[in-house]
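A.B. asks: What follows is a structure written as structure tokens; I'll ask about it next.
The values are calculated or read from the model by the stated rules, or taken from the named source; none is laboratory data. Since the structure is predicted, the reported quantities are computational estimates derived from the model, not experimental observations. Cβ sites come from the backbone with ideal geometry, for glycine too, and all protein chains shown count toward neighbours.
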Amino acid sequence: MWRTLFVASLLVLAGCATEPPGTEAGADGSADSRALTPDETPDRTNPWAERTLTVAINNTANESRDFRPLVADALEFWSSNDTRFAGFPINYELDPNASDPVIVIEFVDSIESCANVTDPAGCAPYVTANVQASPPVSIEVVGSYSNQSTALILKHELGHTLGLDHSARPQSVMAPTSQLRTLPRANATERRMPWADPNFTVYLNAERADDSGAAREQVRRALDYYAEGANGTVPENVSFALTENRSAADVVVAFSGDLPCRTGDSGSCGRVQGTDPDGDGALERYDHLRVTLSDIDTAAVGWHVGYWLGYGFGFEADADWPAPFRDASYDERRSEWWR
């Protein structure tokens, strides 16, 4: 059987708590402000009364992880580039357990809300001479990202507390979106349920099947087999519901004159799509399965669909599939294998 694997990167937003005053958000959520050219030096007033800002750390996301070196790196970045990018000098004192800090960096499991940003990786108030914040100012950072991504999020959010918006330099830090990576996660093929939701919607196009009615019944048999646990190979709470909305379906089963994975033969193809948040080249979650069948005997349709449903549950080795799909003969594929 041929398989086609499509890897989709996860784009995560690093956001701020408020948009700059006097601006309107653009269609992409970024501020509609004038971008600085490389030759311009920003002319801003230091919004902080102090030249030295004491920074504390509160880690509720991962007690075993030491975020201090990453915070120190981000603070050093702005201390070394303060006048160049912020327009005024700034100094930081990192004291993770400070009793009276000016800034507290909170490492959290998730951020409940941050302006109009969906699933932000970080959140900080936008602080300017006209929009000041009363200490302690809290910066939230999701604590599940890789060291490199966490360092970028910290620099980005600290930039907001210096009055920098999403159009400011350096764009490598202050851009509204960034390609972020999480800490290593289990791959989809290592999970018993590689989907976020066990309740699947299925779009079936059987117009090109030899007998569309019988083909639909075969597909229904395969879906019911997995809904009943597939001999204990999938969780018991799996369900399938047919839908007429192809674009919204989790699973698409279609009959075609051509196969997208090979040419010149009858057979079937399966393709999964999903996300790769840790950037290791393997999908960690699936969000779409497409099954294509071409010139398949109607009696074998259910078996082919059942095989690719297993693929959609992360099965790789032959032993992962339920018994009916292991080295099945010509006759077994056309039998009532679901019984």
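A.B. asks: Please go through segment 233-254 and pick out each residue that is surrounded by 15 or more Cβ atoms within 10 Å (Cβ to Cβ) and at pLDDT below 95.
C.D. replies: Answer for segment 233-254, where residues must be surrounded by 15 or more Cβ atoms within 10 Å (Cβ to Cβ) and at pLDDT below 95: there is none.
A.B. asks: Being over 30 Å from N130 (Cβ atoms) and either surrounded by 17 or more Cβ atoms within 10 Å (Cβ to Cβ) or over 24 Å from the mean Cα position of the chain (by Cα) (or both): is that true of A188 here?
C.D. replies: Taking the combined requirement at face value, the residue satisfies it.
A.B. asks: Output the number of residues of segment 261-283 satisfying the condition of being touching a strand residue (DSSP E or B) at 6+ places or on another chain (Cβ under 6 Å) and either buried (at least 22 other Cβ atoms within 10 Å of the Cβ) or of a type outside the set (D, E) (or both).
C.D. replies: Going through segment 261-283 one residue at a time, the tally reaches 13.
A.B. asks: One residue is enough: does segment 212-224 have a residue meeting the conditions at pLDDT 95 or above, in contact with a strand residue (DSSP E or B) (Cβ under 9 Å, 6 or more places away or on another chain) and in a strand (DSSP E or B)?
C.D. replies: no
A.B. asks: Please list, ordered by first then second residue, the pairs with beta carbon atoms under 8 Å, 6 or more apart or interchain, first in segment 283-296 and under 19 Å from S212 (Cβ atoms), second among the hydroxyl-bearing types (S, T, Y) and outside any strand (DSSP E or B).
C.D. replies: Between residues of segment 283-296 that are under 19 Å from S212 (Cβ atoms) and residues that are among the hydroxyl-bearing types (S, T, Y) and outside any strand (DSSP E or B), the close pairs are T292/S256; L293/S256; S294/S256; S294/S266; D295/S266; I296/S266.
A.B. asks: Still on this model: Among (1) at pLDDT below 85; (2) in a strand (DSSP E or B); (3) surrounded by 17 or more Cβ atoms within 10 Å (Cβ to Cβ), where does Y92 come up short?
C.D. replies: For Y92, the exception is condition (1).
A.B. asks: Could you list all residues from segment 254-271 that are touching a Lys or Arg at 6+ places or on another chain (Cβ under 8 Å) and not hydroxyl-bearing (S, T, Y)?
C.D. replies: Once the filter is applied, which keeps residues that are touching a Lys or Arg at 6+ places or on another chain (Cβ under 8 Å) and not hydroxyl-bearing (S, T, Y), segment 254-271 yields A254, F255, G257, P260, C261, C269, G270, R271.
A.B. asks: If you don't mind, another one. Given Y226, Y311, Y330, which one is in contact with a helix residue (DSSP H, G or I) (Cβ under 6 Å, 6 or more places away or on another chain) and either of a type in the set (S, T, Y) or closer than 18 Å to A215 by Cα (or both)?
C.D. replies: Answer to the selection: Y226.
A.B. asks: Continuing with the same structure: Are there any pairs, at least 6 apart or on different chains, whose C-beta atoms fall under 6 Å, with the first in segment 243-255 and farther than 19 Å from Y286 by Cα and outside the structural domain of G312 (by TED's automatic domain parsing) and the second in a strand (DSSP E or B) and modelled with pLDDT of 95 or more, and if so, which?
C.D. replies: Between residues of segment 243-255 that are farther than 19 Å from Y286 by Cα and outside the structural domain of G312 (by TED's automatic domain parsing) and residues that are in a strand (DSSP E or B) and modelled with pLDDT of 95 or more, there is no close pair.
A.B. asks: Taking the residues in segment 298-335 that are in contact (Cβ under 8 Å) with a residue 40 or more places away in the chain and of a type in the set (D, E) as candidates, determine which candidate is farthest from Y226 (Cα to Cα).
C.D. replies: Only one residue tops the list, namely E316.
A.B. asks: Would you mind finding the one in D331, D318 that is at pLDDT 95 or above, over 28 Å from the mean Cα position of the chain (by Cα) and more than 25 Å from T201 (Cα to Cα)?
C.D. replies: D331
A.B. asks: Mind checking which pairs have a first residue in segment 157-183 that is of a type in the set (D, E, K, R) and a second that is outside any loop (DSSP other than H, G, I, E, B), Cβ under 6 Å, 6 or more apart or different chains?
C.D. replies: That search, which allows pairs on different chains as well, returns E157/G122; E157/I139; D165/A31; R169/F85; R181/S149.
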